[in-house]
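Just so it is clear, none of the values below were taken in a lab; they were calculated from the coordinates. Here the structure is a predicted model, which means the values were calculated and not measured. Here the Cβ is made from the backbone with ideal geometry for all residues, glycine too, and neighbour counts use every protein chain on show.
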Amino acid sequence: MSRIETPMRIESAETIVTSPGRNFVTLRITTADGVTGLGDATLNGRELAVESYLRDHVVPLLIGRDAARIEDTWQYLYRGAYWRRGPVTMAAIAAVDTALWDIKAKAAGMPLYQLLGGASRSGALAYGHASGRDVPELLDSIRAHLDAGYRAIRVQTGIPGLDSVYGVAASAAGDGERYDYEPARRTPLPVEESWDTRAYLRHVPSVFEAVRNEFGPELPLLHDGHHRMTPIQAARLGKAVEPYDLFWLEDATPGEDQAALRLIRQHTTTPLAIGEVFNSVHDYTTLLTERLIDYVRSAVTHTGGVTAMKKLLDLAAVYGAKSGIHGPTDISPVGMAAALHLDLAIHNFGIQEYMRHDPRTLEVFRTSYTFTDGLLHPGENPGLGVELDDGAAARFPYEAAYLPVNRLLDGTVHDW
Ligand code: KDG
Ligand code: MG
């Protein structure tokens with residue numbers, strides 16, 4: 001496409017890498033008439049690969065393009081690369097796409113959710129991350145989350161015999177002390193954790209029994225298996241927790257094996273959620289068309305942006321599945337805002353994950369979304385409603401950080 005001369009011509013695009021409590025990669029696109037848009041390109045533990053993909057291979061293609069042509073730009077970057085999918089590529093495309101939607105909505109003078117069809121609800125039900133090294137600590141953490149306004153709770157606990165386990169805060173519970181793995185893990189090599197699936201399967205049902213006994217039947221409870229079980233182990237866990245009426249069991253098995261979900265589905269009525277490590281609608285075709293899952297866990301940040309997520313969630317709607325957009329703290333406030341605009345607009349909204357960001361993160365990213373009575377709302381500012389403070393970003397330089405590696409007790413590398 002030839003260079004165009006319109007106010008919406010892309011004048012510049014730049015990547016901002018900053019580490020206000022944890023690493024984030026952001027793309028900022030500026031049009032000829034000075035409208036700016038932000039997109040989140042953070043890929044936890046592999047941040048600089050996406051930054052280079054954007055800086056070296058995408059930004060030069062954007063200059064001079066028409067910022068208004070969002071679908072065309074998406075297809076140009078996706079098909080034009082020839083190589084398909086992958087977390088690095090799709091995070092880079094997501095950042096461009098989200099920034100262009102931010103620009104379009106700002107130019108229209110509307111919050112993005114209006115361009116996506118307007119609000120379908122007054123707010124998005126959020127779930128928080130409660131955890132404890134043992135059951136009493138977990139119950140305290142749930143109480144603290146309820147006091148902080150959450151109306152749905154993810155439940156993760158320590159496992160007897162294992163030192164540290166995914167999803168469990170390292171020190172005593174409380175609303176201020178929640179699980180967040182990255183900031184403490186700035187070591188030259190990934191931290192190694194140990195794992196024993198049989199111990200986990202023995203322990204988890206009793207944890208849910210204790211939580212239901214304490215908090216009653218109504219509170220929506222979620223659990224993340226974090227890819228660690230085989231299909232038959234997952235089927236067993238799903239069955240064992242049926243009396244405790246989980247909202248969902250997430251990532252029971254490694255996500256890339258779509259057919260594994262057939263076996264789990266045959267054995268349990270516990271609702272299933274999967275997809276935070278996916279980056280394309282093509283990762284979901286078996287899962288959705290065969291109705292093997294109930295919730296789609298993709299992040300806007302990792303699945304090609306607002307354009308691709310809207311298509312994915314529309315496909316999910318056809319097959320009776322709902323959204324459960326990924327929202328841990330490694331999704332920046334820009335990625336979180338994009339999720340919230342979709343949550344408000346789509347019909348098949350399920351739930352939104354929400355871990356509050358570190359105060360340093362919120363110094364860099366000035367947000368306008370709100371959390372009231374358990375519901376998130378993206379706010380009414382034009383665009384995404386997030387601004388990036390360059391001065392604050394510069395105060396927090398990038399530091400290498402890795403996610404942990406998991407090993408079985410005999411030393412075999414396992415899924416983390
Ligand atoms: O970067 C990895 C995290 O995003 C992931 O471990 C968080 O499983 C997760 C969740 O459900 O939020
Ligand atoms: Mg998860």
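Under 5 Å from the amide H of Arg65 lie the amide H atoms of Ile10, each residue being 5 or more positions distant or on a separate chain, with H modelled from the backbone and absent for Pro and chain starts.
In the chain, if the dipole is taken from +1 on Lys/Arg beta carbons and -1 on Asp/Glu beta carbons about the Cα centre, which of Gly149, Val386, Met110 is farthest to the positive end? Towards the positive end, the residue furthest out is Met110. Rounded, prolate or oblate, given the Cα gyration tensor of region 1-133, with a/c below 1.5 counting as rounded? Taking the square roots of the gyration eigenvalues as a ≥ b ≥ c, region 1-133 is oblate. Cα centroid separation, region 328-366 to region 26-77: 20 Å.
Were the residues from Leu115 through Arg407 laid out at 0.36 nm apart, the gain over their Cα-Cα distance would be 100.5 nm. Note that region 364-380 has calculated 3J(HN,Hα) couplings of 7, 9, 8, 9, 10, 6, 10, 10, 9, 6, x, 10, 9, 9, x, x, 10 Hz, one per residue in order, obtained from phi through the Karplus relation 6.51 cos²θ - 1.76 cosθ + 1.60 (θ = phi - 60°); glycine and proline are x.
Here's the list of lysines a cross-link from Lys104 could span, going by alpha-carbon distance under 19 Å and ignoring same-chain residues fewer than 8 apart: Lys310, Lys311. A dipole drawn for the chain from +1 and -1 charges on Cβ atoms has a positive end, and of Leu403, Leu162, Ala92 the residue lying farthest that way is Ala92. Here the relative contact order of region 115-382, from alpha carbon pairs under 8 Å that lie six or more residues apart, stands at 20 percent. In order along region 237-244, the Karplus-derived 3J(HN,Hα) couplings, from 6.51 cos²θ - 1.76 cosθ + 1.60 at θ = phi - 60°, round to 5, x, 5, 5, 9, 3, x, 9 Hz, and Gly and Pro are given as x. A simple charge model with +1 on the Cβ of Lys and Arg, -1 on the Cβ of Asp and Glu and nothing else charged puts the dipole of region 115-382 at about 520 debye relative to its Cα centre. Couplings 3J(HN,Hα) for region 343-360, derived from phi with the Karplus relation 6.51 cos²θ - 1.76 cosθ + 1.60 (θ = phi - 60°), are 3, 6, 8, 6, 7, 8, 6, x, 6, 10, 6, 8, 10, 4, 6, 4, x, 5 Hz, where x marks Gly and Pro.
When the Cα positions of His347, Ser206, Phe365 are compared along the charge dipole of region 115-382, His347 comes out farthest toward the positive end, with charges on each C-beta of Lys, Arg, Asp and Glu. Region 276-310 and region 245-272 have Cα centres separated by 15 Å.
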